[in-house]
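Please read the structure below before turning to the comments.
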Amino acid sequence: MATDAAAGAEAIVAQAAGNGGSDATSGGPSFTLELTQDQKDIKDWVHGFAENVVRPAASEWDEREETPWPVIQEAAKIGLYGFEGLAQFWADETGLSLPIVNEELFWGDAGIGMSIFGTSLAVAAIFGQGTPEQLGEWIPQCFGSVEEPKVAAFCASEPDAGSDVSAIRTTAKYDEAKDEWVLNGQKAWATNGGIADVHVVIASVDRELGSRGHAAFVIPPGTEGCEQGTKVKKHGIRASHTADVHLDDCRVPGACLLGGKEKLDERLARVREGKKSKSQAAMQTFEASRPTVGAQAIGIARAAYEYSLEYAKEREQFGRKIIENQAIAFALADMKLEIDAARLLVWRGAWMGRSGQTFENAEGSMAKLKAGEVAVWVTERAIQILGGNGYTREFPVERMHRDAKIYTIFEGTSEIQRLVISRAISGLQIK
Ligand SMILES: Cc1cc2nc3c(=O)[nH]c(=O)nc-3n(C[C@H](O)[C@H](O)[C@H](O)COP(=O)(O)OP(=O)(O)OC[C@H]3O[C@@H](n4cnc5c(N)ncnc54)[C@H](O)[C@@H]3O)c2cc1C
């Protein structure tokens, strides 16, 4: 395991350092939407897992509202859950493997999908802001081992700081004598909060600087003063654990500041001098992950669309299949159209992110916005097509509709995505 861990982490570090292959923009293949054999193989592999392991377990874990550890372990056994898997998906320089994997897994079930992929938000923060040593140390610990899988949590939101991350009140104060950071505050709605081994916490090191005074900290497993608060009872993705996290004089070694103190001091000095800061800890993490989150929403939408298509071809009323009515057939045509359109935006955003393009028009936000809204709309249409059956828990589209709704809320609400896009296209500080 240790050897695998080192190899996986090295692969991630190599990719971060730009050693992973040629840049798609310089001498890469000309435009194509045809998946490579590798991408097709990954898609089939994850689809098989989603179909045979995830989907049969979906209803049970939704009702139990508990983390499906046995399913996470099955995912770890086949290499889908773990840093080697993530490194393999990330290694695809077109950027498409990650959204493909997410779409297939969430096609199986979104609650279980989130309990498997919730860890990746913390991993993305470590990957985006950590030093190579921090990547090597913490990313493997986020996943644990096949025998004993672990999860990780990314804690930015607070009771009074959701869309407005600049309002974060959690503080991190440096104790120079001990070379430790002391964190105090309350985090809200953290996926895997409290049950995670590794928590990544966004805290303010200088409240006067708003979000430019934020930094990200790793809270190692078992650290005193980091406790789970109330577990949230939710509308959807109920197999995924969501809870408050309390930080009460929580002391972590100086080395747990992602990126290191020197880099933080330089950044804060630049900000205090009125120069632009290059990074805003929480926002960076959100922006990088938006197309992948959109792919999850597409997986839910596609599942509901496929189910309702088959249903419409079977169900008879007035002596004919209900799909023979244009009202139903056109609804299904629009559902397919919207899903495919959303996927194209997701793939564009994922490709842009992976190949280092500038998101001049907030294309990452566009992808997440469109996919989230399509998922809510398509799953609602699916319920309509199933009629009374669609409204019951005997049929999966009811659960899919509940699951879809989170995609217009977390990782930036639809309104916030529109704000980001409108600012990007206008260059104005739209309020
Ligand atoms: C299941 C679940 C899992 C989550 N997982 C995590 C996690 O792992 N880590 C984490 O840090 N957070 C997580 N969150 C928190 C999530 O990111 C926030 O709920 C989200 O950012 C919205 O914040 P809020 O709930 O405070 O809503 P608010 O910010 O209070 O927004 C309320 C409404 O006002 C609108 N609004 C706010 N500001 C504006 C504006 N300027 N213009 C127009 N409209 C506006 C919003 O769009 C929304 O409709 C999770 C939440 C849920 C429900």
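The values are calculated or read from the model by the stated rules, or taken from the named source; none is laboratory data. In this text, all values refer to a predicted model and were calculated from it rather than measured experimentally. Cβ: placed from backbone, ideal geometry, glycine included. Neighbour counts: every protein chain shown. Surface accessibility is based on the protein's heavy atoms, side chains included, excluding ligands, DNA and RNA. Shrake-Rupley method; radii C 1.70, N 1.55, O 1.52, S 1.80 Å.
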Radius, Kirkwood style, for the range 302-431 when every pair of distinct Cα atoms is counted (Å): 16.1
In Å², nearest 10: area of GLU133 left accessible to a 1.4 Å probe: 130
Heavy-atom accessible area ranking, 1.4 Å probe, most first, across ASP160, ASP179, ASP62: ASP160, ASP179, ASP62
Projected label distance in nm at ALA333 and GLU208, using a 7 Å step from Cα toward the beta-carbon: 6.3
Other-chain or far-sequence residues with amide H under 5 Å of CYS155's (modelled H): VAL200, VAL201, ILE202
Calculated from backbone phi, Karplus (6.51, -1.76, 1.60) coupling profile of the range 366-383 in Hz, x at Gly/Pro: 4, 4, 5, 4, 5, 5, x, 6, 5, 4, 5, 5, 5, 5, 5, 4, 4, 4
Of all accessible heavy-atom area on the chain, the percent that carbon and sulfur account for (1.4 Å): 52
Per-selection Rg to Rh, the chain - Cα, Kirkwood hydrodynamic radius: 0.97
Built amide H within the under 5 Å cut-off of GLY229, gap 5+: ASP244, VAL245, HIS246
Label-point separation in nm, GLU60 to THR358, each point 7 Å along Cα→Cβ: 5.2
Cα shape, the range 63-159, gyration tensor, a/c 1.5 rule: rounded
Theoretical FRET efficiency, 1/(1+(r/R0)^6), r = Cβ-Cβ of GLU394 and LYS321, R0 22 Å, to 0.05: 0.60
Interchain or long-range residues, amide H under 5 Å from GLY144's placed H: LYS150
Spin-label pair ASP38/GLU273, simplified geometry with 7 Å Cα→Cβ offset, distance in nm: 4.2
Per-residue SASA entry for THR242, accessible area with 1.4 Å probe, Å² rounded to 10: 10
Given charges at beta-carbon only (K, R positive; D, E negative), |dipole| of the chain in Debye: 1320
Helical mean residue ellipticity (222 nm; -39500 (n - 2.57) per DSSP H run of 4+; nearest 500) of the chain: -16500 deg cm²/dmol
Phi to ³J(HN,Hα) by Karplus 6.51 cos²θ - 1.76 cosθ + 1.60 over the range 177-183, Hz, x for Gly, Pro: 4, 9, 6, 9, 9, 10, 9
Ranked order, SER97, SER120 - accessible area, probe 1.4 Å, largest first: SER120, SER97
Mean accessible surface per residue for the chain, computed with a 1.4 Å probe while every protein chain stays in place, in Å²: 45
Gain in span if fully extended, ASP160 to ASP179, counting 0.36 nm per residue against the direct Cα distance: 3.8 nm
DSSP bridge pairs, the range 113-216: antiparallel proportion in percent, nearest 5: 65
In sequence order, calculated HN-Hα J values of the range 405-412 (Karplus, 6.51, -1.76, 1.60; Hz; x Gly/Pro): 4, 4, 6, 9, 10, 7, 6, x
